[in-house]
Structures are given as structure tokens and as C-alpha cells.
1. Using 0.36 nm per residue of separation minus the Cα-Cα distance, give me the extension gain between HIS71 and TYR10 in nm, one decimal.
2. Step through the table entries LYS20/LYS131; LYS46/LYS101; LYS49/LYS104; LYS34/LYS125, compare each Cα-Cα distance with 31 Å, and write down the pairs that go over it.
3. What FRET efficiency, computed as 1/(1 + (r/R0)^6) with R0 = 41 Å and r the Cβ-Cβ distance, is obtained for LEU82 and GLU124, rounded to the nearest 0.05?
4. Ignoring ligands, DNA and RNA, what accessible area per residue does segment 1-110 give at 1.4 Å, in Å²?
5. Place the peptides 77-90, 97-110, 124-137 in order of packing, highest mean first, counting for every residue the other Cβ atoms within 10 Å and averaging per peptide.
6. Using alpha carbons only, how many degrees (0 to 90, rounded to 10) separate the axis of helix 116-159 from the longest principal axis of the chain?
7. Over segment 1-128, what lengths in whole Å, largest first, do the semi-axes of the equivalent ellipsoid take, defined as the square roots of 5 times the eigenvalues of the alpha-carbon gyration tensor?
8. Would you mind checking the tilt of helix 5-22 against the longest principal axis of the Cα atoms of the chain, expressed as 0 to 90 degrees and rounded to 10?
Amino acid sequence: RIMDYGKFKYQQAKREHEQKRKHQASELKQLRIKSFRIEPHDVGIKRSKARQFIEAGHRVLFIMMFRAREHSHADLGEQLLLEQFSKPLADISKTDAPPRKDGKKMTMTLAPLPNLKQILAAREKEEGKRKAEEERLEAERKAAADLERITKIIPKSAEGELDEEDDPELDQED
């Protein structure tokens with residue numbers, strides 16, 4: 001079959017470009033931890049940053065540095081990585097590479113779960129339901145407070161016990 005080779009190359013390049021556009025490459029993000037003696041607040045910051053990266057679809061590489069005599073306590077570094085990072089992020093990630101010591105540093109890699117988008121969508125839907133319920137309860141509380149305020153005024157006026165000083169309508173005219 002005779003064909004236009006230029007047209008064929010153009011269509012092939014167009015298909016490849018379309019495939020590249022649809023495929024989202026996940027980057028490898030690095031988080032460095034200078035020591036296993038890290039403060040709890042700093043652990044929280046690193047964990048929240050890792051959560052952001054994983055939710056964006058990126059893999060996260062944790063690098064823990066060991067200095068001087070810390071080398072002899074590699075087990076504490078491994079424990080920190082597993083308990084403070086791997087377990088709390090297990091709802092959205094899996095351990096791609098377990099903690100492994102390599103010279104002065106220990107590394108661990110977390111990768112997003114394959115069904116991460118469904119998990120995040122379900123969590124967002126649940127959050128929306130919770131907010132709607134809170135707004136409904138707040139509206140009910142406000143309506144109950146308004147009703148209580150009104151019922152304090154109405155019984156006096158219905159019984160004829162409302163003095164001119166108590167009448168809110170008269171206060172507005174002054």
C-alpha cells in the first residue's frame with residue numbers, strides 16, 4: 001500500500017504527544033531529617049508536607065542523616081521512620097522501600113496507593129456531609145435562640161402586662 005510518509009510521521013508524533021499529555025509523571029520528592037532526635041513539632045511539619053506530596057500523586061523519599069555517635073543507634077532512626085511517618089500515612093500510601101541504612105544516611109520511600117483518588121474523593125464527600133450537618137445544627141440553634149427571645153416578649157403583650165417602657169416598638173420610634 002502506498003502512503004504519505006510525512007502524514008504517517010505527523011500522526012504518530014501527534015499520538016505520542018497525546019499519550020504524554022494524559023500520563024502524569026509522579027516525581028520523587030525528598031524530605032531530609034537531620035537526626036532521629038527531631039522535635040515532635042518538626043515531625044508534624046515533615047509529616048504534613050509528605051501528606052501533601054502523596055496526595056498530589058508523588059512518591060516521597062525520606063532521608064535521615066546520622067552524625068557522630070548516632071550511627072550506633074540506627075534502630076532508633078528506623079523506629080522513628082516507621083512509627084512517625086509510615087504508620088500515620090498508611091491511609092494514603094504504601095511503603096515502597098522499607099528503611100535501609102546506607103553509610104551516613106537511612107532512606108525510606110513511600111508511594112501513593114493506586115486507588116488514592118477514590119480515597120480522597122470519599123474523604124471529601126464525607127467532609128462535605130459533616131460540614132452540612134454542622135451548618136444545619138447551627139441554624140437550628142440560632143432558630144431556637146430566636147424563638148426563645150420572641151417567647152419572652154409575646155406572653156407579656158398577649159396578657160396585656162406589657163408596659164410602655166417594655167414595648168420594643170415604642171423604643172424604635174424615639
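1. Working: separation 61, 0.36 × 61 = 21.96 nm, distance 5.72 nm.
The span from HIS71 to TYR10 would gain 16.2 nm if fully extended.
2. Values: LYS20/LYS131 38 Å; LYS46/LYS101 20 Å; LYS49/LYS104 24 Å; LYS34/LYS125 38 Å.
Distance filter (> 31 Å) returns LYS20/LYS131; LYS34/LYS125.
3. Values: r = 28 Å, r/R0 = 0.69.
My answer for the efficiency is 0.90.
4. Values: 7880 Å² over 110 residues.
Per-residue value: 72 Å².
5. Details: 77-90: 17.3, 97-110: 15.4, 124-137: 10.0.
Sorting 77-90, 97-110, 124-137 by mean packing, highest first, produces 77-90, 97-110, 124-137.
6. Between the helix axis and the principal axis of the chain, the angle is about 10 degrees.
7. On the way: eigenvalues 323, 87, 22 Å².
Ellipsoid semi-axes (Å, largest first): 40, 21, 10.
8. 50 degrees
The values are calculated or read from the model by the stated rules, or taken from the named source; none is laboratory data. Quantities reported herein were computed from a predicted structural model and do not represent experimental measurements. Positions of Cβ are generated from backbone atoms using ideal geometry, with glycine treated the same way; all protein chains shown enter the neighbour counts. Just the protein is used for accessible areas: all its heavy atoms, side chains included, with ligands, DNA and RNA removed. Shrake-Rupley method; radii C 1.70, N 1.55, O 1.52, S 1.80 Å.
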